[in-house]
Amino acid sequence: MTSRKLEFSDRWMFNRVMCDESICAKMIQAVLGIEVGSIEYVNAEQSYEPGYESRGVRMDVVAKADGRVYDIEMQVAVEPELGRRMRYSQAILDTSELGKGQRYNSLPESYIVFLCLFDPYDLGCPAYRLDRCCQTEPSLNVEDGSHWLVLNANAWAEASDPVLSDLLRYAATGWSGGALSCDIDRLVSSYNQDQGWVRKVMWFEEELAYRCQLEREQGIEQGIEQGASRYAALAKRLAEEGRTQDLIAAADDPALRDRLFAEFGL
């Protein structure tokens, strides 16, 4: 197994660091301007025990404080459907917060924050605030209580708030200079000393990558087998109808094959 240290942007490290109440509170204040009191974590245990059941979990850190709920995500790879990803996260938050028979006004104010290591909208903004609004009358307050924020770490130099700039720069470069980034970096260094946990994360990631590769290879093999079976069925139908010329032409003409597949319902 390759030996390496986990960075702040690694999913498991990010989750574990964010499960430090002091860091989580400081980050919420830096990105949202909200001072929070005591924090309750909904899924903190996922940060300490990586396992296959976590593969389907889409949410990184879900925290509650002062009647609000926060979903804070680290996004390293480019996600072309980020908007739908946030919509999905919002649906999970709302479903988990509203019990059977409760009125909609029981839904708490919610914040979904994606810290991206890329610019998802290519506009150079350090922060994109995506609250719902009325396009017909922009001054109308929809008052649905949900707020989405997408952070672009690469634009850290453009952030007017020095604490937010410090956080974004650390996420993008690993350089710690401000108070918040130094606090985070100390935790990252400390958690990397927990060799049992680091080895567990490394093993899980390598095993998961292996299983994904295996599934892709099996999918390709299955696709080849299905394609061969489909073409054999087409060849049989064409031969039965005496359409030898179509059979010969279809061997080198994918467009013709598709038309024949459609014709015979294959």
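With r as the distance between the Cβ atoms of Gln135 and Ala249 and R0 = 51 Å, compute the FRET efficiency 1/(1 + (r/R0)^6) and round to 0.05.
Values: r = 52 Å, r/R0 = 1.03.
That gives a FRET efficiency of 0.45.
Taking θ as phi - 60°, what are the ³J(HN,Hα) couplings along segment 163-175 by the Karplus curve (6.51, -1.76, 1.60), each to the nearest whole Hz, with x for Gly and Pro?
6, 5, 4, 4, 5, 5, 5, 5, 4, 7, 10, x, 8
What is the set of long-range amide H partners of Ser146 at a cut-off below 5 Å, with H atoms built 1.01 Å from backbone N?
Distant-sequence amide H within range of Ser146: Ser110.
Is the shape of segment 57-154 rounded, prolate or oblate, going by the alpha carbon gyration tensor and its root eigenvalues a ≥ b ≥ c, with a/c under 1.5 for rounded and a/b larger than b/c for prolate? Please list the in-between numbers first.
On the way: a/c = 2.16, a/b = 1.33, b/c = 1.62.
Because a/c hits 1.5 or more and a/b fails to exceed b/c, segment 57-154 counts as oblate.
Run down the lysines and flag those whose C-alpha is under 21 Å from the C-alpha of Lys236, throwing out any fewer than 8 positions away in its chain.
Within reach: none.
Can you list the lysines whose alpha carbon is less than 21 Å from that of Lys26, not counting same-chain residues fewer than 8 positions off?
Lys64
Return the long-range amide H neighbours of Gln75 (sequence gap of 5 or more, or a different chain), with a cut-off of under 5 Å between placed amide H atoms.
Leu115, Cys116, Leu117
How much accessible area per residue does segment 70-187 have, counting only protein heavy atoms and a probe of 1.4 Å, in square angstrom? Walk me through the numbers before you get to the answer.
Values: 6690 Å² over 118 residues.
On a per-residue basis, 57 Å².
Please give the solvent-accessible surface of Val78 in Å², to the nearest 10, using a probe radius of 1.4 Å with every protein chain present.
110
Gain in length, Ala179 to Leu266, computed as 0.36 nm per residue apart minus the alpha-carbon separation, to one decimal in nm? Walk me through the numbers before you get to the answer.
Details: separation 87, 0.36 × 87 = 31.32 nm, distance 6.41 nm.
Separation in residues times 0.36 nm, less the Cα-Cα distance, equals 24.9 nm.
Quote to one decimal, in nm, the extra length available between Arg85 and Arg237 on full extension: 0.36 nm per residue of separation minus the C-alpha distance between them. Could you put the intermediate results ahead of the total?
Values: separation 152, 0.36 × 152 = 54.72 nm, distance 4.48 nm.
Length gained between Arg85 and Arg237: 50.2 nm.
Name the residues of segment 123-142 whose amide N is less than 17 Å from a point 7 angstrom out from the Cα of Glu97 along the C-beta direction?
The answer is 130-133, 142, whose backbone nitrogens lie closer than 17 Å to the label point.
Can you list residues from other chains, or at least 5 along the same chain, whose modelled amide H is less than 5 Å from the amide H of Leu266?
none
Return the lysines within reach of Lys200: Cα separation strictly under 18 angstrom, same-chain partners fewer than 8 residues apart disregarded; answer none if there are no such residues.
Lys200 reaches Lys5.
What ranking of Asp131, Asp122, Asp71, Asp194 comes out by heavy-atom accessible area, probe 1.4 Å, highest first? Don't skip to the answer; put the middle values down first.
Working: Asp131 80, Asp122 125, Asp71 0, Asp194 60 Å².
The residues order as Asp122, Asp131, Asp194, Asp71, largest area first.
By how many nm would the segment from Glu21 to Val142 grow when fully extended, if each residue of separation counts as 0.36 nm and the alpha-carbon distance is taken off?
On the way: separation 121, 0.36 × 121 = 43.56 nm, distance 3.15 nm.
Length gained, Glu21 through Val142: 40.4 nm.
From the phi angles alone, apply the Karplus equation (6.51, -1.76, 1.60; θ = phi - 60°) to segment 148-158 and give each ³J(HN,Hα) in whole Hz, x where the residue is Gly or Pro.
Once rounded to whole Hz, the list reads 10, 9, 10, 9, 10, 4, 5, 9, 4, 5, 8.
Per residue of segment 9-26, what does 6.51 cos²θ - 1.76 cosθ + 1.60 with θ = phi - 60° give for ³J(HN,Hα)? Whole Hz please, x for Gly and Pro, Karplus curve as stated.
Going residue by residue, I get 6, 5, 3, 6, 5, 4, 4, 5, 4, 5, 7, 7, 4, 5, 5, 4, 5, 5 Hz, with x marking Gly and Pro.
The values are calculated or read from the model by the stated rules, or taken from the named source; none is laboratory data. Given the structure is predicted, the values throughout are model-derived calculations rather than measurements. All Cβ positions, glycine included, derive from the backbone under ideal geometry; neighbour counts span all protein chains shown. Each accessible area value is taken on the protein alone, full model and side chains, heavy atoms only, with ligands, DNA and RNA left out. Shrake-Rupley method; radii C 1.70, N 1.55, O 1.52, S 1.80 Å.
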